[in-house]
1. Looking at this structure, is Thr104 without any contact (Cβ under 8 Å) to a residue 40 or more places away in the chain, under 28 Å from the mean Cα position of the chain (by Cα) and part of a helix (DSSP H, G or I)?
2. Answer yes or no: is there a residue in segment 46-62 that is more than 60 Å from the chain's Cα centre (by Cα), in a helix (DSSP H, G or I), surrounded by 10 or more Cβ atoms within 10 Å (Cβ to Cβ) and of a type in the set (Val, Ile, Thr).
Amino acid sequence: MLDELAIDVAQEKSRHKEELSDAWLQHEKEVLGVRARYEKELCGLHEDKNRTEEEIRSQLRDEKARTRELESIQQTVEKLQAQIQSMEGTKGWFERRLKEADETAEKSALEHQEQELEETRKTADKRKAMLDELAIDVAQEKSRHKEELSDAAAAREGGAEGALGYGRG
């Protein structure tokens, strides 16, 4: 019975060793499977990290390029704003000069009209003076003619009277 017991124990020990070996083997397979899964996930995470880093680098390059472009555009905008301010100043200067020129032209035209009016008045006054002189001359001439006519009429009457015998005596 001891022999049977020893054989049973030996078989039990052998079976236990096999089960332990199988369990150990199963455990190693599971560990290798878990390790492979983790390594695969880790590899995927590294790839994602590398891809993300590259995307971020690309975005950074793009942002730097846009920043340079915007700085260039900003400088252009500032130059154009300075030109606009300068042109507005020039425009104001031209508008003032134009207004002054319009005022000067209007003043000159008014002065010219006043001069022409004054010359017209002087001419009219001269003509009136000439007409007045002419009227006086005509009146004097008329008066002289009247006197001559009167004298001639008187002489005729006197000559007719003298011939008829009037007026002497």
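1. Values: without any contact (Cβ under 8 Å) to a residue 40 or more places away in the chain: yes; under 28 Å from the mean Cα position of the chain (by Cα): no; part of a helix (DSSP H, G or I): yes.
Answer is no for this residue.
2. Kept after step one, since they are more than 60 Å from the chain's Cα centre (by Cα), are these residues of segment 46-62: none.
Among the residues of segment 46-62, not one is more than 60 Å from the chain's Cα centre (by Cα), in a helix (DSSP H, G or I), surrounded by 10 or more Cβ atoms within 10 Å (Cβ to Cβ) and of a type in the set (Val, Ile, Thr), which makes the answer no.
Values quoted throughout were computed directly from the atomic coordinates according to the rules given, and no laboratory measurement underlies them. Predicted, not measured: the structure shown is a model, and the values here were computed from it. Glycine gets a Cβ as well: all are built from the backbone with ideal geometry, and neighbour counts include every protein chain shown.
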